[in-house]
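Inspection log for the structure reproduced underneath, given as structure tokens.
The values are calculated or read from the model by the stated rules, or taken from the named source; none is laboratory data. Please read all numbers here as calculations on a predicted model, not as lab measurements. Every residue, glycine among them, receives a Cβ derived from its backbone with ideal geometry; neighbour counts consider all protein chains shown. Side chains are part of the model used for accessible areas, which takes the heavy atoms of the whole protein and leaves out ligands, DNA and RNA. Shrake-Rupley method; radii C 1.70, N 1.55, O 1.52, S 1.80 Å.
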Amino acid sequence: MTDILEAPVTDVARAELPSWRLVMRRPGFIVGALILLFWIVCALFGSSFAPHSAYAQQLLATNQPPSAAHWFGTDQLGRDVFSRVLVGARSILLVAPLATLLGTVLGTALGLALGYIGGALDAIVGRLVEAVLAVPAVIVAFLFIVAVGASATTEILVIGFIFTPIIARTVRSAVQVESQLDYLAAARLIGESRRHVMFAEILPNVMPTVLVEFTVRLGYAIFTVATLAFLGFGVNPSTPSWGSDINANYGVIAAGYWWETLFPALAIASLVIAINLVADSIDRVLAG
Amino acid sequence: MTEYKDRLSRLRGGQNEIANHVIDEFVAGRLSRRELLRRGALVGISAPVLGGILAACGSSSPSPSTSKSTSGLSNQTINVGIITPAGAINPITIDDQGGLDMLGQTGEYLTFSDQTLTLQPQLATSWSSNSSADVWTFNIRQGVKFSNGQPLTADDVVYTYQLQTNTKTGGNALSALGGVLEPSGVVKTGDYTVEFHLEAPNGNFPYLTSSDNYNMIILPSGYDPAKWQSSFIGTGPFVMKTYTVNTGATFARNDNYWGPKAKPAATNFTFYASQTPGISALVSGAIDVLGQFTVTGGEELLSGGYNVIKLKSSAHRELSMRCDTAPFTDPRVRQAIALTLNRPAIITALFKGYADLGNDSPFAPVFPSTNTSVAQRVQDIAKAKALLSAAGHPTGFSTQLIGVNLLEIPDYAQIVAQAAKAIGVTINVKVESSSVYYGKATFGDSDWLDATMSLVDYGHRSVPNVFLTAPLQTINAKTGSGAWNAAHFNNSDYDKLSAQYIAAVDLSTQRSLAGQIETLLLNETPIIYAYFYNYLTATASTVTGAYPTAIGHIFVYNCTKS
């Protein structure tokens, strides 16, 4: 009996993270990962291999249709759309993952506390979380950015804080399930501190949930960043950004200049789909 | 020859000194036909007399720009799309295009500034000034009735002008009339005669009574302007039937109108938050007339299939550089930035050619007083680098440009930033919504007025007075001068020249002073004026008779549909 109590509790009850071998066998994951990898490379090195400067204007060659010289045509200032799409990955892939990471860290901590401690804390904070969730995320982000001013840091903080209650609610549910299991009773019995139980015992067991939540939220974050840029909350209009480039050019679609909007839109769609393919693959493997 | 002189002599009879000077300038060849019409109307020479002078000299008058003339049907309902009014339709507070469009449907002005910037009589039948141009007398049209049946008299004009010039009401018209006319200067001298005693001589005063100064529709004496939205009371060719905030308005023909009756039986205005849905509505046939569109986003309408009315205008963008903030304290730095711009290319890129070149002064090509002998500034990177180096910035510097998010302004800001890179200057562009950018529109509480570099929109005016005063004259909180001086430009020579220009009555004096102002501003370059864009209106090909003005009105009383 003593031996049982002294055995490492985490080894007994820890849920397994997805087997990467199983994940790698899924075609959806491979396709998604390849697309994601392509955009990450573009974000890091896009300006090195883009055929033109993403900033260079040719005022006498505006709105040129796709051609051998400009694969995706030129925009209203004569800039090469293909180069701007490649380099435009940088702004979105800088903000979205960091914002998602922030939201995941904070949301997980909050979810652990709400799910494990429960009681009055869960009742009060839980209602606040529900109140926050009742307001559309983009509206909250919109208000914050108007109040604080647009910058990459602001966007990361705002989106991170918006995701915090969403992730917290999911993690809380997972923690409540875990709380019913015997290994936690055992951990309490041997006198582990509340903090230790939450972060050393429960957290490893809800990590699959957190991982899936992270990948799902990353897709939403990309869409939110693009939406904010589309609404005019980008940092600098010269900076290549898919959302702000769509905003700047969608008004000329009717005039026949479809390429200036279509290609940045396809870039956003491809990135979101890629992340969803990855998230879906992980989720399916976890589900068995 | 004797007969010609006799006819001119008869036509001169009854004209005052200033009017005869205008006639002299035309006879001497210093005024063109169009300029005679414009200047003559300004100083109060009636249309028949102007026509007589042109006929005596073997000339004729220009025709207005309306949508193409074809045989259409009257008594139709004309559907019009305009930008959504920004607030309540109140003649005191209106400061936006949608609002002024609504005022102009039922309201009328003492004078009307037409598409050629020529003044036409409207509720005033004639006007004239004393020799020093500081007292102007207007004769009011008789037999006019407001839509509530009340007859128009001098009392209504006095009431309207005293209300609009009262600083306590804080009306938008003070941007033009402030410092020009006090309420006490509006004097009734007869049942149908009003005198305006100005604070200082002003040769262009009649323009301040025109549709250009769009708030100045004549209200019935004692009428509360805050209630105007409920009645749209006025003397115009239409009466309001319905008005729905943020949605639209409908009007019916005013059968008691004093002038030619409107051709449409009714009009239906739909409000759009931006031009894109307005263009879609015109393309789909939901509307017949689109009040205004811009080249950026409006390319479809320029590609054929629609009647496009193109008006030269003085509408422009002002790129201010803070003359009291380093590095722009040195005029060489300001000149260097201006020299980096390839203006013809900017006009091609942003306006497909539908704009005129700016020469870093508010004197637009459309103004007759613009002195065209002053050389046009052109792109010169080598000179710009030399100026920057001489000013102590051989490797350039970094600064920020804040602009308002409106139409082509974000693109223009990016072009400026890209051009400045050629001389090593890094300009970080920040584009803000209008509410953030304008802030409280006072110094210390407005990015528009406080930014190191600021890019703002200015609408059309028929005369450059406002452009010469509010954004360029030295800031003085007591007098209110320089209220929009985002460049914080402070130059006593400029202040004197601009005051002299405003007081000047004859065109040759105005041109001479304009030349001096243009040269001074090129040397100082507190503000870059790169272009003056055309005002564009579109109608369906089946519609004729739409009459826009570059200030933003759209008049459809002559519209027919086939």
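Worth a mention:
- Checking every residue in segment B:111-118 against the condition of being over 28 Å from B:LEU406 (Cβ atoms), touching a Leu at 6+ places or on another chain (Cβ under 8 Å), in a loop (DSSP other than H, G, I, E, B) and among the hydroxyl-bearing types (Ser, Thr, Tyr) gives at least one match.
- For segment B:333-350, the candidate set comprises residues that are closer than 16 Å to B:PRO526 by Cβ and among the aliphatic types (A, V, I, L, M); within that set, the residue that is farthest from the other protein chains (Cβ to nearest Cβ) is B:VAL333.
- Within segment B:429-478, the set of residues being in a strand (DSSP E or B), more than 23 Å from the chain's Cα centre (by Cα) and at pLDDT 95 or above comprises B:MET453 only.
- Residues of segment B:314-326 satisfying the condition of being crowded, with 22+ Cβ neighbours inside 10 Å and either assigned to a helix (DSSP H, G or I) or touching a Lys or Arg at 6+ places or on another chain (Cβ under 9 Å) (or both): B:SER314, B:ALA315, B:MET321
- Restricting the search to helices (runs of 4 or more DSSP H) fully inside segment A:144-256 and requiring at least 3 residues that are open to solvent by 30 Å² or more (accessible area, probe 1.4 Å) gives A:152-179, A:182-189, A:203-228.
- Checking each residue in segment B:426-450 for being open to solvent by less than 10 Å² (accessible area, probe 1.4 Å) and more than 14 Å from chain A (Cβ to nearest Cβ) picks out B:SER446, B:LEU449.
- Among the residues of segment B:123-163, the ones that are out of contact with any strand residue (DSSP E or B) (no Cβ under 6 Å at 6 or more places or on another chain), open to solvent by 50 Å² or more (accessible area, probe 1.4 Å) and small (Gly, Ala, Ser) come to 3 in all.
- Residues satisfying the stated conditions in segment B:1-38, i.e. at pLDDT below 65 and part of a helix (DSSP H, G or I): B:THR2, B:GLU3, B:TYR4, B:LYS5
- Every residue from segment A:94-118 that is farther than 18 Å from A:PHE214 by Cβ and either surrounded by 20 or more Cβ atoms within 10 Å (Cβ to Cβ) or at pLDDT 85 or above (or both): A:ALA113, A:LEU114, A:TYR116, A:ILE117
- Single unsatisfied condition, B:PHE271 versus (1) within 13 Å of chain A (Cβ to nearest Cβ); (2) in contact (Cβ under 8 Å) with a residue 40 or more places away in the chain: (1)
- Within segment B:247-257, one or more residues are surrounded by fewer than 20 Cβ atoms within 10 Å (Cβ to Cβ), away from every other protein chain (no Cβ under 14 Å), of a type in the set (Val, Ile, Thr) and out of contact with any Asp or Glu (no Cβ under 7 Å at 6 or more places or on another chain).
- Verdict on B:GLN379 being within 14 Å of another protein chain (Cβ to nearest Cβ), modelled with pLDDT of 95 or more, in a loop (DSSP other than H, G, I, E, B) and surrounded by fewer than 23 Cβ atoms within 10 Å (Cβ to Cβ): yes
Table: residues versus (1) within 14 Å of another protein chain (Cβ to nearest Cβ); (2) more than 30 Å from A:SER19 (Cβ to Cβ); (3) among the β-branched types (Val, Ile, Thr).
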position: A:PHE230; (1), (2), (3): yes, yes, no
position: A:PHE233; (1), (2), (3): yes, yes, no
position: A:ASN247; (1), (2), (3): yes, yes, no
position: A:LEU266; (1), (2), (3): no, yes, no
position: A:VAL278; (1), (2), (3): no, no, yes
position: A:LEU286; (1), (2), (3): no, no, no
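- The sole residue among A:SER91, A:SER67 that is assigned to a helix (DSSP H, G or I), more than 14 Å from chain B (Cβ to nearest Cβ) and either out of contact with any Phe, Trp or Tyr (no Cβ under 8 Å at 6 or more places or on another chain) or surrounded by 22 or more Cβ atoms within 10 Å (Cβ to Cβ) (or both) is A:SER91.
- Residue in segment B:274-286 that is part of a loop (DSSP other than H, G, I, E, B), over 23 Å from B:LEU406 (Cβ atoms) and open to solvent by less than 40 Å² (accessible area, probe 1.4 Å) present: no
- Answer residue from segment B:481-530, given it is among the small types (Gly, Ala, Ser) and open to solvent by 20 Å² or more (accessible area, probe 1.4 Å) and is modelled with the lowest pLDDT among those: B:SER481
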